[in-house]
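Asks: The structure under discussion is supplied below as structure tokens; questions concerning it will follow.
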Amino acid sequence: MTSDTSSQIPLSLIAELTHRCPLHCVYCSNPVEMQKASSELPAADWIRVFHEAARLGILHIHLTGGEPLARADLEELIAGAHGAHLYTNLITSGVGLSEKRLAALVEAALEHIQLSFQDSQQQSAEEISGTRSHDHKIQLARIIQKFQRLSRLAFTMNVVVHRRNIDRLDEIIALAEKLVPDRLEIANVQYYGWALRNRESLLPTSRQLEQARATIESAKARLLGRIRIDYVAPDYYARYPKACMGGWGRRLLLIDPSGNALPCHAAVVIPGMKFDSVREHSLEWIWRQSEAFERYRGEEWMPEPCRSCERRELDFGGCRCQAFLLTGNPSATDPVCSLAPDHHVIEEQLLRINRICEQVSDRFPEIWLYRTSSPLPSSRTP
Ligand code: SF4
Ligand code: SF4
């Protein structure tokens, strides 16, 4: 039986073309188990899926990874997505992207590029990514500017912020003013994957967040009409959770490199989930009928206090993956909600970090767990 929301049309398809990546970011959400090119969906299958997506009513495709540039057939994939009348967006670290290859991607009909930066300062950026890549990104942004002018390529600069770089927001925004993206997205770390393992070192303090909010507000006013700034606050400090992925199985569909379809990139952590593959099923069947997409659609699964809460159609009870990671129960109210019975796990964490940072220093502790070739340590937080 399918729920009413299965009749909704998804807006975007997130195509994780590969999990291979030359960077080792300490907040990466990708596992490393699927890093072999041989396990990846071939271009012909991806292009079939793009056409199925368009028939389902999807408008945008986000080509991401890992690092999508690791796919030698990326030009073919972009042309295939364009041929299916999808708006093409490439999300990239830029490592491995030359002017010549960017020209080929634009020629293949790339319409939007999102280039990630780890910081405004080279040393810190390279400590976070575990890779020497910062100078290349700056050079690449200048090359992208040419394509903005000549080919109307839209450009977003993405920056992930956390305790170690959020005090440099002024500098980060100043860097954006030099690189002139159309849009600057500043997003706080979401605590899944490697970020959850590095949470002690990444969680900002409340003092830092207050300052960040003021900096963002003043930059938004100053840059109005020149650079659009989008800021994603950390949900650990929020009163209510975000509508994760716009609600489970409501807005977005993600396909992993091997062809499995997921309602959210972190959903693999939830035990007992079965993810159907586009190698065996149509995208429409997966969206409308697969067990994984049906599991947390609607309100039937909701416990109290969500079940009778007036916000349940706004945030859909928060994130199922976060609920599992922090409580061991994927059906629990997301503990970041101030009304959740398990909210104390968030409060205790914030109290601890804020107290330690006040007493010791913002740099406590300094040991990173990098995304390397070893598997992600056990998914649940201890
Ligand atoms: S977060 Fe960093 S390591 Fe992970 S896929 Fe993106 S660029 Fe690669
Ligand atoms: S109780 Fe549930 S529905 Fe209400 S605000 Fe919290 S997470 Fe959202």
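Each value in this text was obtained by applying a stated rule to the coordinates, not by laboratory testing. Worth saying up front: this structure is predicted, and the values here are computed from it rather than measured. Note: ideal-geometry Cβ built from the backbone for every residue, glycine included; neighbour counts use all protein chains shown.
Asks: Using modelled amide H (1.01 Å from N, peptide plane; none on Pro or chain starts), what sits under 5 Å from the amide H of Leu262, excluding residues fewer than 5 places away?
Replies: Leu254, Ile255, Asp256
Asks: With a cap of 14 neighbouring Cβ atoms within 10 Å, and only residues DSSP puts in a loop, list the GluC sites (Glu not before Pro) found in region 17-73.
Replies: Of the GluC sites (Glu not before Pro), the ones in loops of region 17-73 whose Cβ has at most 14 other Cβ atoms within 10 Å are Glu33.
Asks: Placing one identical point scatterer on every Cα of region 249-291 and ignoring solvent, what is log10 I(q)/I(0) from the Debye formula at q = 0.16, 0.20 Å⁻¹?
Replies: With no solvent term, the Cα-only Debye profile gives -0.35, -0.56.
Asks: Please report the Cα spread of region 100-233 along all three principal axes, rounded to whole Å, starting with the longest.
Replies: Result for region 100-233: principal-axis Cα extents of 45, 34, 24 Å.
Asks: May I pose another question? With N denoting the number of residues in the chain, provide Rg(C-alpha) divided by 2.2 N^0.38 Å, to two decimal places.
Replies: 0.97
Asks: Tell me which residues come under 5 Å, amide H to amide H, from His60 once H is placed; ignore anything under 5 positions away on its chain.
Replies: Those qualifying (amide H under 5 Å, at least 5 residues apart or on another chain) are Leu13, Tyr87.
Asks: Which value results for Rg/Rh of region 196-348 when Rg is the Cα radius of gyration and Rh the Kirkwood radius based on the inverse mean 1/r?
Replies: Radius of gyration relative to Kirkwood radius: 1.02.
Asks: To continue, here is another question. Of the beta bridges DSSP finds with both residues in region 137-267, what % are antiparallel, to the nearest 5?
Replies: 15 percent
Asks: Under the rule of at least 5 residues apart or a separate chain, name every residue whose amide H is placed under 5 Å from the amide H of Asn158.
Replies: Leu115, Ser116, Phe117, Glu185
Asks: On to the next question. As a test of the definition: which semi-axes, in Å, follow for region 2-127 when you take the square root of five times each eigenvalue of its alpha carbon gyration tensor? Largest first, please.
Replies: Semi-axes (√(5λ), whole Å): 26, 18, 15.
Asks: Suppose every K and R has +1 on its Cβ and every D and E has -1 on its Cβ; what is the size of the dipole of region 5-149 about the Cα centre, in Debye to the nearest 20?
Replies: 280 debye
Asks: Something else now. Take every DSSP beta bridge with both residues inside the chain and express the antiparallel ones as a percent of the total, to the nearest 5.
Replies: 10 percent
Asks: Given the options His162, Ile58, Leu224, identify the residue whose Cα lies farthest towards the positive end of the charge dipole of the chain (+1 on Cβ of Lys, Arg; -1 on Cβ of Asp, Glu).
Replies: Looking along the dipole axis, the top candidate is Leu224.
Asks: Pick from Pro68, Pro22, Pro305 the residue whose mean-square fluctuation is largest in a GNM of the chain, springs joining Cα atoms under 10 Å.
Replies: Taking springs between Cα atoms under 10 Å, the residue moving most is Pro305.
Asks: Mind checking which lysines have their Cα closer than 17 Å to the Cα of Lys242? Skip sequence neighbours fewer than 8 apart in that chain.
Replies: Once the sequence-local lysines are set aside, nothing remains near Lys242.
Asks: Could you give each residue of region 253-266 its phi-based ³J(HN,Hα) in whole Hz, using Karplus coefficients 6.51, -1.76, 1.60 with θ = phi - 60°, and x for Gly or Pro?
Replies: 9, 10, 10, 7, x, 8, x, 6, 9, 10, x, 7, 5, 9
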